[in-house]
1. Do we have L70 as in a helix (DSSP H, G or I), free of Cβ contacts under 8 Å to residues at least 40 places away in the same chain and touching a Lys or Arg at 6+ places or on another chain (Cβ under 7 Å) here?
2. When you check N79 against the structure, is it out of contact with any Gly (no Cβ under 6 Å at 6 or more places or on another chain), closer than 19 Å to P119 by Cα and not charged (D, E, K, R), yes or no?
3. Among T202, T120, which is the only one that is hydroxyl-bearing (S, T, Y), closer than 30 Å to R59 by Cα and either touching a residue at least 60 places away in the same chain (Cβ under 8 Å) or outside any helix (DSSP H, G or I) (or both)?
4. Return yes or no: is L63 more than 15 Å from A136 (Cα to Cα) and not basic (K, R)?
5. Counting only residues that are part of a helix (DSSP H, G or I), of a type in the set (A, V, I, L, M, F, W, C) and out of contact with any Lys or Arg (no Cβ under 9 Å at 6 or more places or on another chain), which one in region 73-91 is most open to solvent (accessible area, probe 1.4 Å)?
6. So which residues in region 98-114 are assigned to a loop (DSSP other than H, G, I, E, B) and either touching a Ser or Thr at 6+ places or on another chain (Cβ under 6 Å) or closer than 11 Å to V52 by Cα (or both)?
7. Just checking, how many residues over region 187-199 are of a type outside the set (A, V, I, L, M, F, W, C) and open to solvent by less than 60 Å² (accessible area, probe 1.4 Å)?
8. What is the one condition in (1) open to solvent by 70 Å² or more (accessible area, probe 1.4 Å); (2) in a helix (DSSP H, G or I); (3) modelled with pLDDT of 95 or more; (4) out of contact with any Ser or Thr (no Cβ under 8 Å at 6 or more places or on another chain) that K4 does not satisfy?
Amino acid sequence: MQLKKIAVLSALVSSLTLASVSAALADNPTPTPNATVTARGAERLPDIQARVDKRISRRIDVLNKLVSRLGSDTHLAANDKSLLLNEDQNAISSLNSLKAKIDADTTIADARTDEAQLPTIHVYDFIVPQNHRLIAVDNLQALAAKVGTSLTNIQAKVTSLQGQGTDVSAIQALLTDANSKLLTINGQLTIDERELSALTPTSSNPAATFTQVRQDLSSVKTEFSGIKTDMVQIKADAQ
């Protein structure tokens, strides 16, 4: 192999950074409300209203953080960002309306009835996990696109060297393996994005989809690690 002719591959490979995979895959845990045991039989109306206001405020705080994250994320697909923002903002509006209603309640029975409406807004069991999973998937799709561009550039150089009579068979085998892994990654992320964006709180067992996507993302991380290994070896061969 004419090492001088392909030394430029080392610089190309060095430009490919996969360190962001772990950060992109870091899945924020779904926040859970603090459980407080109270003697409900002894509660006064102001006590109930104060307790429910705190439960609502915690949910609004979580949703506001999600809205902020969506607004600053440049890797989200436009349709997914719109879907999640509408979902989060509608939930915030519903929570504020519920808070106003509870604060205006004049009986303990009414306040407890209104409190029972909190789970129907599905903040912790649906909105938060859907946001987290879809954000992770979209960010990994952006990373996959970046990796794909790098592989294409390296392939073009290898093909050129091959045309000049350079033996690039070892590097070509590594590139083929990396591209195969990337194809698997893109296929899995496409499926996960489609399934997540189609979910609603009334979908059949959305928790199962969230669990499956989390497992899929673990597999995607393994595939990205395999690509990184291939690229390290290509760099070594190029030198």
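The values are calculated or read from the model by the stated rules, or taken from the named source; none is laboratory data. Values in this document were obtained by computation on a predicted structure and should not be read as measured data. Glycine gets a Cβ as well: all are built from the backbone with ideal geometry, and neighbour counts include every protein chain shown. To get the accessible areas, we keep the full protein, side chains included, count just its heavy atoms, and leave off ligands, DNA and RNA. Shrake-Rupley method; radii C 1.70, N 1.55, O 1.52, S 1.80 Å.
1. The answer is no for L70.
2. Against the criterion (out of contact with any Gly (no Cβ under 6 Å at 6 or more places or on another chain), closer than 19 Å to P119 by Cα and not charged (D, E, K, R)), N79 does not qualify.
3. Criteria check complete, one pass: T202.
4. So L63 passes the test.
5. Here the residue is A78.
6. Correct list: empty.
7. Selection size over region 187-199: 5.
8. Of everything listed in (1) open to solvent by 70 Å² or more (accessible area, probe 1.4 Å); (2) in a helix (DSSP H, G or I); (3) modelled with pLDDT of 95 or more; (4) out of contact with any Ser or Thr (no Cβ under 8 Å at 6 or more places or on another chain), K4 misses just condition (3).
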